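What follows is a short report on a single structure.
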Amino acid sequence: FAGRIIERKGLITLLESIKMLQPIINNVKLYIFGKGPFSNEVSKYISDNNLTDKVILGGYKSDIFSYLCSANLCVFPSYEGEGLMTVVLESMYYNGLVITTHGNGNEEAITDNVNGFLVDPKNPSELANKIIHIYKNYSKLSDIKANAKSTIKNKFTWNNHAKIFYRLSAELIKS
């Protein structure tokens with residue numbers, strides 16, 4: 001996870017899912033990069049639930065790309081109010097395996113089980129089950145990784161944005 005540490009980012013849901021995974025995936029490690037006003041609550045949850053050996057709070061990093069590249073999976077379980085997140089797009093390009101939530105605008109980039117994974121917000125069981133699915137099928141997910149990178153290269157480019165802007169501007173001028 002990388003982002004501002006605020007409640008709506010869904011970190012407690014992510015931590016609840018990590019807690020559920022402990023008996024199933026022994027070697028799970030979660031790295032959380034960022035800082036924010038919800039950091040104390042996140043730290044307390046980690047401590048209160050004996051997750052200190054599973055969760056690493058990495059603080060703010062100015063260059064997150066090497067971490068995105070080296071992760072097995074990037075997870076962004078936001079609850080609401082996010083829109084299409086830049087970190088989701090970056091993770092799709094640099095990593096290829098991304099889980100994020102429905103209803104935040106991420107559907108603009110991710111088609112579930114095609115180029116990433118979507119789960120319902122505030123549902124730690126669904127998130128844990130998706131992580132287990134990815135863990136058990138990791139070697140078979142090369143198509144999803146390739147599709148994620150292809151989506152970013154083909155859809156989310158400055159050229160495409162310029163064409164959309166030009167088309168919208170022309171429509172406004174006509175009206």
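The values are calculated or read from the model by the stated rules, or taken from the named source; none is laboratory data. All values derive from a computational prediction rather than experimental measurement. Reconstructed Cβ throughout: ideal geometry from the backbone, glycine too, with neighbour counts over all protein chains shown. We work out accessible area using only protein heavy atoms, side chains counted, and drop any ligands, DNA or RNA first. Shrake-Rupley method; radii C 1.70, N 1.55, O 1.52, S 1.80 Å.
So the values come out like this:
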| read-out | value |
| --- | --- |
| Test result for residue 3, open to solvent by 30 Å² or more (accessible area, probe 1.4 Å), of a type in the set (Gly, Ala, Ser), over 18 Å from residue 134 (Cβ atoms) and in contact (Cβ under 8 Å) with a residue 60 or more places away in the chain | no |
| Of all residues in the stretch 98-119 being assigned to a loop (DSSP other than H, G, I, E, B) and touching a Ser or Thr at 6+ places or on another chain (Cβ under 8 Å), the one that is surrounded by the most Cβ atoms within 10 Å (Cβ to Cβ) | 110 |
| Search result, residues across the stretch 70-108 that are free of Cβ contacts under 8 Å to residues at least 40 places away in the same chain, of a type in the set (Asp, Glu) and touching a strand residue (DSSP E or B) at 6+ places or on another chain (Cβ under 9 Å) | 90, 107 |
| Among (1) open to solvent by less than 80 Å² (accessible area, probe 1.4 Å); (2) over 14 Å from the mean Cα position of the chain (by Cα); (3) of a type in the set (Asp, Glu), the one test that residue 143 misses | (1) |
| Extreme residue, surrounded by the fewest Cβ atoms within 10 Å (Cβ to Cβ), among residues of the stretch 125-139 that are touching a strand residue (DSSP E or B) at 6+ places or on another chain (Cβ under 8 Å) and of a type in the set (D, E, K, R) | 126 |
| From 98, 75, residue being within 14 Å of the chain's Cα centre (by Cα) and under 19 Å from residue 150 (Cα atoms) | 98 |
| Verdict on residue 122 being of a type in the set (Lys, Arg), in contact (Cβ under 8 Å) with a residue 60 or more places away in the chain and either touching a strand residue (DSSP E or B) at 6+ places or on another chain (Cβ under 9 Å) or open to solvent by less than 50 Å² (accessible area, probe 1.4 Å) (or both) | yes |
| Scope the stretch 12-31; condition farther than 15 Å from residue 133 by Cα and outside any loop (DSSP other than H, G, I, E, B); matching residues | 12, 13, 14, 15, 16, 19, 30, 31 |
| Within the stretch 39-55, tally of residues that are more than 19 Å from residue 23 (Cα to Cα) and either open to solvent by less than 70 Å² (accessible area, probe 1.4 Å) or in a loop (DSSP other than H, G, I, E, B) (or both) | 3 |
| Criterion (part of a strand (DSSP E or B) and open to solvent by less than 70 Å² (accessible area, probe 1.4 Å)) met by exactly one of 58, 81 | 58 |
| The stretch 20-38: number of residues that are within 15 Å of residue 52 (Cα to Cα), within 18 Å of the chain's Cα centre (by Cα) and open to solvent by 30 Å² or more (accessible area, probe 1.4 Å) | 2 |
